[in-house]
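Participant: Okay, here's the structure, questions in a sec.
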Amino acid sequence: YIKDDLNVLELGYGEGVLTNYLSSLNINLDVVEGSKVLFEKGKRVHTNVGFHHSFFEDFSPNKKYDLIVCTHVLEHVDNPSVILDNLYNWLTENGTALIIVPNSESIHRQLAVIMNLQKNNSDLSKRDYLVGHKRVYDYKQLDKDINNSSLIVVEREGFFLKTLPNSMMLNFNQDLIKALNSISSRLPFNLLANLAFAVKKSK
């Protein structure tokens with residue numbers, strides 16, 4: 001979905017990993033970040049990126065975007081429908097938004113239910129609360145939220161085969177991490193750790 005000279009918006013700076021990659025491409029990149037600390041850090045590190053200090057709900061850009069990257073946002077916000085409506089308003093007529101969320105049907109969550117560590121796949125764990133998750137999506141709920149907006153899903157994928165919680169993966173070497181990601185294309189997307197949906201404006 002990334003092509004030269006596109007106007008691209010990234011929602012949230014976080015640790016800057018995705019921004020590091022996107023800022024190296026031949027695109028016009030903006031980042032909107034609600035944290036003043038992260039906003040200032042991002043501005044300092046990436047002088048070729050347009051940074052905007054605003055909550056996603058309040059952001060009012062002065063241009064439309066060909067591509068919007070909405071990575072691990074919807075599970076954190078009070079009202080996902082507000083964000084989805086904003087994506088619609090921020091996109092060009094033929095633009096695409098990439099929405100990525102954790103998947104409640106991930107193998108590691110299903111194993112936790114079998115082991116009686118949680119009652120349902122969608123239950124919030126201690127780590128979910130720690131990182132500020134308000135919900136965990138499965139693909140049906142994500143479909144539903146998107147279909148209730150003015151956006152439509154044009155592609156669904158999943159990535160990263162996760163069988164263990166993060167705390168038990170800290171010593172995994174990089175080759176194993178890469179393999180767990182590379183194998184994603186061979187498996188049903190709804191069993192992987194993350195859901196990735198491409199959406200466009202409905203006609």
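Participant: Evaluate the following for residue 170: is it outside any strand (DSSP E or B) and farther than 30 Å from residue 61 by Cα?
Facilitator: It is true that residue 170 is outside any strand (DSSP E or B) and farther than 30 Å from residue 61 by Cα.
Participant: Right, here's the next one. Looking for something within 21 Å of residue 14 (Cβ to Cβ) and open to solvent by 60 Å² or more (accessible area, probe 1.4 Å) - is there at least one such residue anywhere in the range 139-146?
Facilitator: no
Participant: For the list (1) part of a helix (DSSP H, G or I); (2) of a type outside the set (Phe, Trp, Tyr); (3) touching a residue at least 24 places away in the same chain (Cβ under 8 Å), I need the number of the one condition that residue 102 fails.
Facilitator: (1)
Participant: Moving to a separate point now. Taking the range 22-48, which residues are over 16 Å from residue 70 (Cα atoms), among the charged types (D, E, K, R) and touching a residue at least 24 places away in the same chain (Cβ under 8 Å)?
Facilitator: 41
Participant: Do we find that residue 101 is open to solvent by less than 40 Å² (accessible area, probe 1.4 Å) and in contact with a strand residue (DSSP E or B) (Cβ under 8 Å, 6 or more places away or on another chain) in this structure?
Facilitator: Spelling it out, residue 101 is indeed open to solvent by less than 40 Å² (accessible area, probe 1.4 Å) and in contact with a strand residue (DSSP E or B) (Cβ under 8 Å, 6 or more places away or on another chain).
Participant: I've got another one for you. Residue by residue through the range 113-135, note down the ones that are among the aliphatic types (A, V, I, L, M) and modelled with pLDDT of 95 or more.
Facilitator: Selection gives 113, 114, 115.
Participant: Also, quick follow-up: On the given criteria, is residue 69 surrounded by fewer than 20 Cβ atoms within 10 Å (Cβ to Cβ) and either within 25 Å of residue 128 (Cβ to Cβ) or among the β-branched types (Val, Ile, Thr) (or both)?
Facilitator: no
The values are calculated or read from the model by the stated rules, or taken from the named source; none is laboratory data. In this text, all values refer to a predicted model and were calculated from it rather than measured experimentally. Neighbour counts run over all protein chains shown; Cβ positions are idealised from the backbone, glycine included. Keep in mind that these areas ignore ligands, DNA and RNA; they rest on the heavy atoms of the full protein, side chains included. Shrake-Rupley method; radii C 1.70, N 1.55, O 1.52, S 1.80 Å.
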